[in-house]
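In what follows, a single structure is set out as C-alpha cells and then discussed.
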Amino acid sequence: MALNLRQKQTECIIRMLNLNQPVNSTSTGSEEEVYKMLIFDRFCQNVLSPLIHVEDLRKHGITLYFLIDKDRKPVHDVPAVYFVQPSKNNIDRIVADASRFLYDSFYLNFSSSIPRPLLEDLASGTLNSDSVQRISKVHDQYLEFITLEDNLFSLAQKNIYVQLNDPSAGDREIEEIIERIVSGLFSVLATLAVVPVIRCQRGGPAEMVASALDQRLRDHLLSKNNLFTEGGGFASSFQRPILCLFDRNFELSVGIQHDFRYRPLVHDVLGLKLNRLSVQGEKGGMKSYELDSSDPFWVANGSLEFPEVAVEIETQLSKYKKDVDEVNRRTGGTDGAEFNGTDLIGNTKHLMNAVNSLPELTERKQIIDKHTNIATVLLGEIKERSLDSYAKKENDMMARGGIDRNELLSALKGKGTKTDKLRFAVIYLISSESINQSEVEAVETALRESEVDISAFQYVKKIKSLNVAFTSANSASRSNIVDWAEKLYGQSISAMTAGVKNLLSSDRQLALTRTVEGLMEGKPNPEIDTFLTFDPRAQKSSSGTSSSHLKGPFKEAIVFMIGGGNYVEYGSLQELATNQQPVKHIIYGSTEILTGVEFVEQLSLLGQKMGLGNVTAATAPPPPGR
C-alpha cells in the first residue's frame, strides 16, 4: 500500500476532533452527537487549512473555532479541543483559560512532543488555580508539518537557509535549528508509521539532520509501545521506504530559475499559499481560489507548460459546451411531432438524466471559469515581464553552460521586475563554467543601472570563486581554503559549492531527480557512492556505512530538502515516480516551500550579512515581490 501523507494526517486530525476516539465509519448515527469548540494557534491553523474545511468541522461536531490568542467568553457544558504548538505562551494561555473556567473540559493536543518543563508548568498552573480537574486529556499528536498535496509537505520553518549559512551563527543556534528540523521529520514518519533507511549527502546540514534523526528514532524504538509498533510488520520488511536528505546548496539554481510549467508558475507569480490564491476577477475585485486534489484540472495539468494549459482550457470549454447542447437537445422535445404517451415517457427519462447531470456540469463550468481567470492573469504577467523569455534563456544557459554577452545584457536591460533581472543574473553566474571578470562587471553595472540590490549576486559569486579556487588549488592550498570556508560558513566547502557542479547537466532532468533515481535503484553509481547510510533499526556500529541490504531497490521514497523546496522539484520527482516501471511512489518535503523571489531574498540577506553588495543598491527600495 502506497504511503499517502495527506490521508494519514487527515485521519489523525479527525480522530483528534472526535476527542481522540476512533471514528467509526459504519456508525448508525444513534450515538449522541458531542458538540465541541476548537482552539488553535496560527501554526496549527495552517496545518488544518489545506486538509479540513468548515463543513468538515461541522460534520465532526465543531460548532465554534477560535485562535488561542483572541479574547474569548465562557461557554458552558461544551468541551474544548485545543490544537497548539507546545510553547510557553500557549501553556500560559491554557492555564489562564482553565483558571477562568472558560470551558467544562479541556482536551489538549500538542503538534509535537511537549517538553517535560512545559508539562510541569501546565500541571502546577492548573493545580494552583484549582482547575486541574478540567484537563481531561493531554496528547502529543506529532503533526508538526503542513501537507499540501498527497505527496507534498512543508515544515513551515522560515529562513532556514539563511540561518544555516549565516557566518555569524554559533554552534548552539545551528543545533537548535537541526533539532527543529528533526522534530518535524519525526512527526512525518510517526504519522506514516514507517522507519525508513536514511541516505544523505556527506557533510553539512544533511548529515547533521540524518545523524540526529537516526538517534531520535533509535531512542524512540527502545520503548515497547512506540509510535511505529502498529506498522512494525510493514516497516521491518523489505518494503521499507528510503528517506533521502539534501541541502539546498546541492542544487542552488532550481530555487532561483523561472519555470514555465503551470504549477510552479502559479506559485511563483501569483503567490500560491496553503493551496489558496487571490487574483483580480474579470469584473474587478479580488477572487479567491483553492487549488488542491479536489480540482481535477489542477491535478491533471499542473505539470504542463503554460501554452499547453491554455489549449487544455479551450478543449475543456468546448467539451462542456457540447455536453450542454446535448442535454438541451435531448430535453427539448421534437418540433411538430404528434403527442403520445411513448414520447412523454422518453422525454421524462431525458429530463431526469439532465437534472442528474446538472451538478456535474455546474462544477465543471466553475473549474473552467476558475482556470480561465487564473490563466488570463498569468498571461498578463508573462507578457509584461517576458517570463517566457527568461525561462527559455535560463534553460539554455543551464544546458550550454553560458550565454552570448549581447543577449545577456539585452535581457538585463529589457522587461521584467528588478527581482526577475537579479534571478537571471544569478543563473548566468551559476551556469558559467568559468568566471569572465569583464562580463561579470558588465552584469553588475547593468543591475545597478536598474537599481537592483546586487547582494545576492555577490554572495553567489563568492561561493563560485571559492569553488573555482578549491578545484584548481593544490592539496596544501585546498586545506587553507577549507579552513577559511568552514569558519565563514560553518560547514564544509564541498557541501556549500556542490550545487555549482550539479547544475551543469546537459539534459533537463534535475540533479536532485537523477540522484533520487540512483538511490532508489540501489545500483553502483558514482553520483551516489559518497552518500551516507543510516538505519535506525540496525546495530549502532553500522550507521553511516553502506551495507548491501540497505542499498535497495526501493519502491517508495521520502525526499527532503533542507533550506527551502519548490514546485519545480516536486513536479520533477512526481514525473520520475510515474515514469518508472513498475510505478514508484515519492513524497517530497522541505523546511519551507519558496518562490524564486523569496529564495533570492534569502541570498540577498546572506550577502548583506557578509558585507557584500554596493551601498547605493543596498539603500534602494527592496525589489517588488511580484
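Of all residues in segment 121-151, those that are under 20 Å from V182 (Cα atoms), acidic (D, E) and either without any contact (Cβ under 8 Å) to a residue 24 or more places away in the chain or in contact with a helix residue (DSSP H, G or I) (Cβ under 7 Å, 6 or more places away or on another chain) (or both) total 1.
Of the helices (runs of 4 or more DSSP H) lying entirely inside segment 523-626, the ones with 3 or more residues being open to solvent by less than 10 Å² (accessible area, probe 1.4 Å), at pLDDT 85 or above and in the same structural domain as L221 (by the TED database) are found at 567-579, 596-609. Looking only at segment 364-395, residues that are surrounded by 15 or more Cβ atoms within 10 Å (Cβ to Cβ) and within 20 Å of V426 (Cβ to Cβ) come to 10 in all.
Being open to solvent by less than 60 Å² (accessible area, probe 1.4 Å), hydroxyl-bearing (S, T, Y) and either at pLDDT 90 or above or farther than 30 Å from D171 by Cα (or both) is true for just one of T445, T419. Which residue is that?
T419
Of everything in segment 84-110 that is assigned to a loop (DSSP other than H, G, I, E, B) and within 16 Å of D69 (Cβ to Cβ), the residue that is least open to solvent (accessible area, probe 1.4 Å) is L102. When the criteria are applied in full, L118 fails the requirement of being of a type in the set (A, V, I, L, M, F, W, C), out of contact with any Phe, Trp or Tyr (no Cβ under 8 Å at 6 or more places or on another chain), open to solvent by 60 Å² or more (accessible area, probe 1.4 Å) and free of Cβ contacts under 8 Å to residues at least 60 places away in the same chain. Annotation for segment 114-127: no member residue is of a type in the set (V, I, T), within 37 Å of the chain's Cα centre (by Cα) and closer than 23 Å to D71 by Cβ.
Residue under question is S288, and the condition is that it be touching a helix residue (DSSP H, G or I) at 6+ places or on another chain (Cβ under 8 Å), assigned by the TED database to the domain that holds K365, outside any helix (DSSP H, G or I) and open to solvent by 10 Å² or more (accessible area, probe 1.4 Å); does it hold?
No; evaluated as a whole, the condition is false for this residue.
Among all residues of segment 140-150, there is none that is buried (at least 18 other Cβ atoms within 10 Å of the Cβ), at positive phi and part of a helix (DSSP H, G or I).
Note on segment 181-206: residues that are farther than 21 Å from F43 by Cα, in a helix (DSSP H, G or I) and within 21 Å of the chain's Cα centre (by Cα) total 2. Looking across segment 42-57, the residues that are under 13 Å from I14 (Cβ atoms) and assigned to a loop (DSSP other than H, G, I, E, B) come down to L51, I52, H53. When segment 260-289 is examined, which residues are found to be acidic (D, E) and at pLDDT 95 or above? Scanning segment 260-289 gives a single hit, D268.
Of the candidates T331, T342, the single residue that is modelled with pLDDT under 85, among the β-branched types (V, I, T), loosely packed, with under 13 Cβ neighbours inside 10 Å and farther than 22 Å from P264 by Cβ is T342. Scanning segment 357-394 for residues that are farther than 20 Å from E312 by Cα and among the hydroxyl-bearing types (S, T, Y) turns up S357, S386, S389, Y390. Quick one: what pairs do we get from segment 415-431, first residue over 11 Å from A391 (Cβ atoms) and part of a helix (DSSP H, G or I), second open to solvent by less than 10 Å² (accessible area, probe 1.4 Å) and of a type in the set (S, T, N, Q), C-beta under 6 Å, 6+ apart or different chains? Here the result reads I430/S253, each pair linking segment 415-431 to a residue that is open to solvent by less than 10 Å² (accessible area, probe 1.4 Å) and of a type in the set (S, T, N, Q).
The values are calculated or read from the model by the stated rules, or taken from the named source; none is laboratory data. This one's a predicted model, so the numbers in the text were calculated from it and none came from an experiment. As a convention, Cβ positions derive from the backbone with ideal geometry for all residues, glycine included, and neighbour counts pool all protein chains shown. Areas reflect the complete protein model, heavy atoms only, side chains present, ligands, DNA and RNA absent. Shrake-Rupley method; radii C 1.70, N 1.55, O 1.52, S 1.80 Å.
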